[in-house]
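Okay, so here's the structure we're looking at.
The values are calculated or read from the model by the stated rules, or taken from the named source; none is laboratory data. Owing to the predicted nature of the structure, the values given are computational and were not obtained by experimental measurement. Note that each Cβ is placed from the backbone with ideal geometry, even for glycine, and that neighbours are counted across all protein chains shown. Protein only, heavy atoms only, side chains kept; ligands, DNA and RNA dropped before computing areas. Shrake-Rupley method; radii C 1.70, N 1.55, O 1.52, S 1.80 Å.
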Amino acid sequence: MDGQENEQHEHRDEDAPVTGGARRGDRDRAGRRALRAAGVTLAVLVVTLVGVVVGVLAGGRVSTDIGPFQADLTVAPAVSGSTTVDIPPLGALLLDSHDGPTHLTVELGALDQSRVQALIDDPASINRASQTAVDDVREGVMRLGLRTLASAVLVTLLLALLVFRDARRAAWAGGLALVITAGGLGTAAATMRPQAIEEPRYEGLLVNAPAIVGDARRIANDYTRYAEQLQHIVGNVSQLYTTVSSLPVYEPAPGTTRVLHVSDMHLNPTGWQLIRTVVEQFGIDVVIDTGDMTDWGSEPEASFVGSIGLLKKPYVFIRGNHDSGRTAAAVARQPNAIVLNNTTTTVAGLTIAGIGDPRFTPDKNTSPAGSGLTKQVADQVIGAGDQLAATVRSSPQPVNIALVHDPASAGPLSGTCPLVLAGHTHSRQVSKLPEVPGQMPTQLLVQGSTGGAGLRGLEGEKPTPLSMSVLYFDKDKLLQAYDDITVGGTGQAQVNLERHIVEAPKAGVPAPVTPTPTR
C-alpha cells in the first residue's frame with residue numbers, strides 16, 4: 001500500500017509542471033488571438049474609412065438640369081455641413097444648410113441652348129423655368145445620394161478584397177461603409193435647414209451681388225418657404241445670363257426703402273468709389289454717414305467731401321471725433337447733404353435724428369481733454385446720447401433711426417427709437433440695447449470702417465477691410481433685413497456680402513457704457 005501511495009505522489013509531481021505550462025500556453029495563444037482580432041478590426045476600420053472617402057470623392061457627383069442650366073451636384077466629406085452654389089463667373093452663394101460631415105456643391109454650368117433661346121424669345125418663360133427648380137434639385141440630390149452610397153460601398157469592397165483577400169472581411173468592410181455613408185447622408189437630410197437660403201453669404205464681384213442674392217423684401221416676406229427662395233435665385237441668375245446689355249438690378253419691393261450706412265472714411269478715396277458702386281447697383285434711397293470722414297479736420301481735407309454731390313442721393317451726416325466744424329460746414333455745402341447735430345430730418349420717408357461726437361481729437365496723443373478714457377470724456381460721450389434722447393422724445397414725428405458716432409453714446413437712446421447706428425470702433429457689431437421697461441426694444445448696429453481706417457488701416461499685418469451695410473426698411477419704416485458688404489483692405493479686391501434677416505430683437509451683447517478708445 002505504501003508503495004502505491006509513493007507511486008501516486010511521484011505521478012502527481014511529474015504532472016504538475018506539465019499542467020502549468022499548458023495553461024501558460026493557452027493564455028499566450030488567447031492573447032495573440034485577441035491582439036490579432038484587434039489588429040484585424042483596426043485594419044478593417046481603416047480600409048473602410050479610406051474606401052468611403054475615395055468612393056465619395058470618386059462617385060459623389062451627378063449632372064442634372066436646373067431650370068435652363070446644366071448643373072453639377074457634388075458631395076464631399078467635410079468637418080461641418082454646408083452648401084455652396086457656384087455661379088461662374090459671377091460668384092458663389094454659401095449656405096449654412098445642414099449638419100453632418102458632408103459638403104454639397106451645386107455648380108451652375110453651361111446653358112442649354114434650346115432653353116436659352118426660349119428664354120430670350122419669351123421672357124415669361126423664366127418664371128416657368130424657375131418653378132421647376134425645386135423639383136430639379138430634389139431629384140438631383142436624390143440621385144446624388146444613391147450614387148454616392150453605391151460608390152462608397154463598391155470602392156470599399158474592392159479595396160478590402162485587394163488588401164485582405166478574404167470575402168468575409170471584405171463583407172464586413174462593405175457593411176461598415178454602408179452604415180458610415182448612409183449615416184452621414186442621413187444626418188445631412190435630417191438636419192436640413194431650408195431657411196438657410198434666406199441668409200446667403202455671397203462671394204464674388206460686388207456689381208453682381210444684388211441681382212444674385214435678390215431683393216430683401218421678397219426674400220423676407222415668407223422666409224419659411226424654401227421653394228420660393230430657390231425660385232428667386234434661379235430666376236435671378238437666369239436673367240443675369242440672358243441679359244447681354246447690362247446686369248439687371250431689381251426694383252425694390254413696394255414700400256421698401258434702401259439705406260446705405262457708411263462710417264469712418266478717414267480720407268480713403270477708394271471708399272467713395274465703393275459707395276458710388278453700391279448706390280448705383282443696389283438702388284440706394286439715402287446714404288447715412290456716422291462720422292470720421294477726415295483724419296485731422298483741416299481746411300485742405302474739406303475738399304474730400306466733394307464726392308458727396310456726385311452721388312445724387314440724400315446724404316445724412318454727423319461729425320466724428322476726427323471731423324472739425326469746418327468739415328461739417330463743407331459737408332453742409334453739398335447740395336444733397338444734411339448735417340445733423342442734435343437735430344432731426346425726414347428723408348425718403350424715414351425720420352432720422354443725429355448728434356455729432358462731442359470730442360475733436362485729430363491727434364489722440366497731443367489733443368487736450370477728450371483723448372483718453374477719463375471721467376470727463378465718459379460724461380461728454382454719454383451726455384451726447386442723453387441730449388439726443390431728449391431730442392428724439394420731443395420730436396413731433398416718431399424717429400425711425402438715431403445716429404451717434406461712438407456706440408457708447410447709444411445707451412440713453414434705448415426705448416426712444418427702434419434702431420441706432422454708430423461707427424468709431426472700425427469693427428462691425430450688432431447688439432440690443434438694455435431694455436427700458438414699457439418701452440420699445442432698440443437695436444444697435446455699429447459699422448466698420450468704410451475707408452479701411454485710412455492709412456492707419458495699413459499698420460497691422462493685414463489691411464483693415466472696407467465695410468458698409470445696405471439696410472432694408474419696410475413700408476412701416478422698420479428694419480427688415482441688411483446686407484453686410486466687406487471689401488478686402490487697401491490693395492485687395494475680394495468682396496464678401498452677407499444677408500441678414502431681422503427678427504424680433506433678442507438679448508445680445510450689451511452696448512458699451514464707456515467710450516471706446518479714440519480712433
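Any residue that is open to solvent by less than 40 Å² (accessible area, probe 1.4 Å) and within 22 Å of LEU478 (Cβ to Cβ) - is there at least one of those in the range 292-312? Checked the range 292-312: no residue is open to solvent by less than 40 Å² (accessible area, probe 1.4 Å) and within 22 Å of LEU478 (Cβ to Cβ). Among the residues making up the range 314-355, those that are open to solvent by 10 Å² or more (accessible area, probe 1.4 Å), in contact with an Asp or Glu (Cβ under 8 Å, 6 or more places away or on another chain), assigned to a loop (DSSP other than H, G, I, E, B) and not small (Gly, Ala, Ser) are PRO314, ARG319.
Taken over the range 27-77, the criterion of being of a type in the set (Gly, Ala, Ser), surrounded by fewer than 20 Cβ atoms within 10 Å (Cβ to Cβ) and more than 18 Å from LEU178 (Cβ to Cβ) is satisfied by ALA30, GLY31, ALA34, ALA37, ALA38, GLY39, ALA43, SER63, ALA76.
Within the range 386-399, if we keep just the residues that are touching a strand residue (DSSP E or B) at 6+ places or on another chain (Cβ under 9 Å) and within 14 Å of ASN342 (Cα to Cα), the residue that is surrounded by the most Cβ atoms within 10 Å (Cβ to Cβ) turns out to be LEU388. Counting only residues that are part of a helix (DSSP H, G or I) and more than 19 Å from LEU57 (Cα to Cα), the range 162-174 holds 9 of them.
Let's see how each residue does on (1) under 26 Å from the mean Cα position of the chain (by Cα); (2) on the phi > 0 side of the Ramachandran plot; (3) open to solvent by less than 60 Å² (accessible area, probe 1.4 Å):
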residue	(1), (2), (3)
GLY383	no, no, yes
ILE401	yes, no, yes
SER409	no, no, yes
GLY415	no, yes, yes
VAL420	yes, no, yes
GLN429	yes, no, no
PRO434	yes, no, no
